[in-house]
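> One structure is given below, represented as structure tokens, and several questions about it will come after.
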Amino acid sequence: MNTIRRFKEDVYLKECTAKITGLSDKDGHLHITLDQTIFFPTGGGQSCDIGTIANLPIIDVYETADDIFHVTDQKAHGLSIGDEVAITIDWPHRFDNMQRHCGEHILSGIFYALFGGVNRGFHMGEEYMTIDISLEEKPEFDKISWEMAKEVEFHANQAIWSNLPVITRHFDKREDAENLPLRKALAFDEDITIVCVGDASNPADCVACCGTHPSTAGQVGMLKIYKVESNKGMFRIYFEAGQRAFRQYQAHFDVLTTLENKLSAGSSDLLAKYEAQQEKNKEIRNQLYHLKKSVIAREISDIKSSITPAFVKKYDKLSINDILDIGKELKGLIPTIAFLVHEPSNTVLLFSDQYDCNKLVKENADIYGGKGGGNKNSARAIFSKAEYVDTFIDLIEKHLR
């Protein structure tokens with residue numbers, strides 16, 4: 001390797017010096033190679049480190065077979081090949097990745113141990129992490145229930161509470177690495193890194209991995225599963241670990257506390273009071289529905305007994321859908337045209353058995369900055385100001401005389 005990977009030796013190394021071995025400009029970004037680096041490149045489902053080189057912000061890190069490239073968007077850099085520079089990683093970002101990645105290892109290892117679940121996919125997102133578990137090692141299990149997920153979560157946190165050692169071992173040959181109790185077969189033959197959580201005789205997890213991890217499981221802090229869903233014949237587990245899980249717990253606890261205060265409830269009866277409130281709201285909505293139906297039926301009856309040519313009626317309490325229901329019941333009864341107005345939104349609903357309502361709106365509404373449309377028997381025109389409503393109606397009335 002041209003670049004010495006110092007993060008393989010010590011994941012807690014936050015800064016050091018290095019010599020620049022290469023500088024290249026690609027797509028307006030400077031790509032820097034060094035003789036050694038503490039920057040972990042993107043890989044293994046984990047995002048790269050960020051930080052600085054010679055006080056230049058490093059926004060991306062990637063590797064080839066031999067080198068690691070550090071990317072900055074600063075064009076005025078003043079660097080030359082051979083310069084010795086100070087390099088520093090963003091430690092909170094690194095430790096966040098270490099907590100999350102180690103949490104994923106523990107969770108995957110427990111799924112494998114308890115239910116024969118094999119991790120076939122891993123993703124670190126900004127809002128949560130996911131693993132895709134395939135139940136293929138123990139045929140007695142064909143799905144992951146929420147109770148099973150909670151059992152795995154408990155045992156994963158037990159491993160964290162026990163502060164199990166996290167040991168990273170490097171091997172040159174496959175046969176040496178295969179002496180460990182791996183939960184997944186090796187995919188390569190040389191330069192192998194094995195991460196083992198706990199004693200190798202009975203580990204919480206043991207698998208090949210190139211990522212960064214804390215030296216003990218206790219530094220993960222906590223792990224929380226959020227959701228389990230079926231996904232392409234497997235089961236996708238949504239979860240979080242470390243300080244992100246803790247912040248999520250705080251946010252959820254704040255929401256629960258707010259709900260408890262609003263419902264005058266405690267954690268033991270919050271759900272019961274919420275469900276009682278939902279039942280009460282359902283009853284009120286049902287009463288409102290029938291009341292509105294009664295009002296609409298009465299309104300239709302009144303209109304039918306008094307409808308006149310170019311009929312106009314305005315509403316400030318009924319919704320647009322309620323007004324549409326009224327208009328539909330007037331079909332075949334309108335002498336010329338009916339204008340039913342929804343005052344809160346300055347919307348004119350036109351209904352007619354004789355005239356093309358859509359055409360009337362399209363040809364006249366934009367005169368007053370309105371917009372809308374519909375079909376031959378009904379259409380709507382929406383205006384920005386209430387005075388345009390009356391002006392538009394007056395225009396249509398004169399046009400139809």
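The values are calculated or read from the model by the stated rules, or taken from the named source; none is laboratory data. Everything numeric here is computed off the predicted structure, so don't read it as measured data. Virtual Cβ from ideal backbone geometry, glycine too; neighbours counted across all protein chains shown. We work out accessible area using only protein heavy atoms, side chains counted, and drop any ligands, DNA or RNA first. Shrake-Rupley method; radii C 1.70, N 1.55, O 1.52, S 1.80 Å.
> Got at least one residue in the stretch 332-343 being buried (at least 18 other Cβ atoms within 10 Å of the Cβ), more than 29 Å from Tyr289 (Cβ to Cβ) and in contact with a Pro (Cβ under 8 Å, 6 or more places away or on another chain)? Break it down into steps so the answer makes sense when it comes.
Let us first name the residues in the stretch 332-343 that are buried (at least 18 other Cβ atoms within 10 Å of the Cβ), namely 334, 337-342.
Still in the running and more than 29 Å from Tyr289 (Cβ to Cβ): 337.
Cutting the leftovers down to in contact with a Pro (Cβ under 8 Å, 6 or more places away or on another chain) gives us 337.
Yes: the stretch 332-343 contains one or more residues that are buried (at least 18 other Cβ atoms within 10 Å of the Cβ), more than 29 Å from Tyr289 (Cβ to Cβ) and in contact with a Pro (Cβ under 8 Å, 6 or more places away or on another chain).
> Looking at Lys293, is it within 30 Å of Val389 (Cβ to Cβ), open to solvent by 80 Å² or more (accessible area, probe 1.4 Å) and in contact with a strand residue (DSSP E or B) (Cβ under 9 Å, 6 or more places away or on another chain)?
Numbers: within 30 Å of Val389 (Cβ to Cβ): yes; open to solvent by 80 Å² or more (accessible area, probe 1.4 Å): yes; in contact with a strand residue (DSSP E or B) (Cβ under 9 Å, 6 or more places away or on another chain): no.
No.
Here's the yes/no breakdown for (1) within 20 Å of Phe383 (Cβ to Cβ); (2) in a helix (DSSP H, G or I):
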| residue | (1), (2) |
| --- | --- |
| Glu299 | no, yes |
| Lys314 | yes, no |
| Leu350 | yes, no |
| Lys362 | yes, yes |
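Okay, residues lined up against (1) more than 21 Å from Ile334 (Cα to Cα); (2) of a type in the set (S, T, N, Q); (3) modelled with pLDDT of 95 or more:
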| residue | (1), (2), (3) |
| --- | --- |
| Phe351 | no, no, yes |
| Gln354 | no, yes, no |
| Cys357 | no, no, yes |
| Ser378 | no, yes, yes |
| Phe383 | yes, no, yes |
| Val389 | no, no, yes |
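> So which residues in the stretch 314-323 are in contact with a strand residue (DSSP E or B) (Cβ under 7 Å, 6 or more places away or on another chain) and buried (at least 17 other Cβ atoms within 10 Å of the Cβ), if there are any at all?
The answer is Tyr315, Ile323.
> Which of the numbered conditions does Thr257 fail, given that it passes all the others? Conditions: (1) among the β-branched types (Val, Ile, Thr); (2) surrounded by fewer than 20 Cβ atoms within 10 Å (Cβ to Cβ); (3) touching a residue at least 40 places away in the same chain (Cβ under 8 Å).
In the conditions (1) among the β-branched types (Val, Ile, Thr); (2) surrounded by fewer than 20 Cβ atoms within 10 Å (Cβ to Cβ); (3) touching a residue at least 40 places away in the same chain (Cβ under 8 Å), Thr257 misses (3) alone.
> Exactly one condition in (1) at negative phi; (2) surrounded by 15 or more Cβ atoms within 10 Å (Cβ to Cβ); (3) in contact with an Asp or Glu (Cβ under 8 Å, 6 or more places away or on another chain); (4) not aliphatic (A, V, I, L, M) is false for Gly266; which is it?
Unmet condition: (2).
> Of the numbered conditions (1) of a type in the set (Gly, Ala, Ser); (2) part of a loop (DSSP other than H, G, I, E, B); (3) touching a strand residue (DSSP E or B) at 6+ places or on another chain (Cβ under 7 Å), Gly332 satisfies every one except a single condition; which is it?
Against the list (1) of a type in the set (Gly, Ala, Ser); (2) part of a loop (DSSP other than H, G, I, E, B); (3) touching a strand residue (DSSP E or B) at 6+ places or on another chain (Cβ under 7 Å), Gly332 comes up short only on (3).
> Across the stretch 267-294, what is the total count of residues that are in a helix (DSSP H, G or I) and touching a helix residue (DSSP H, G or I) at 6+ places or on another chain (Cβ under 8 Å)?
Pass one, the stretch 267-294, residues in a helix (DSSP H, G or I): 270-294.
Then keep just the ones that are touching a helix residue (DSSP H, G or I) at 6+ places or on another chain (Cβ under 8 Å); that gives 270, 274, 292.
Going through the stretch 267-294 one residue at a time, the tally reaches 3.
> Within the stretch 146-180, take every residue that is without any contact (Cβ under 8 Å) to a residue 40 or more places away in the chain and polar (S, T, N, Q) and give me the one that is most open to solvent (accessible area, probe 1.4 Å).
Taking the candidates together, the pick is Asn179.
> For the stretch 121-139, which positions are modelled with pLDDT under 95, within 16 Å of Val152 (Cβ to Cβ) and either surrounded by fewer than 15 Cβ atoms within 10 Å (Cβ to Cβ) or more than 25 Å from the chain's Cα centre (by Cα) (or both)?
Glu137, Lys138
> Among what's in the stretch 364-398 and is polar (S, T, N, Q) and in a helix (DSSP H, G or I), pick the residue that is nearest to the chain's Cα centre (by Cα).
Of all residues in the stretch 364-398, those polar (S, T, N, Q) come to 364, 375, 377-378, 384, 391.
Checking the rest, the ones that are also in a helix (DSSP H, G or I) come to 364, 391.
Details: Asn364: 45, Thr391: 48 Å.
Out of the qualifying residues, it is Asn364.
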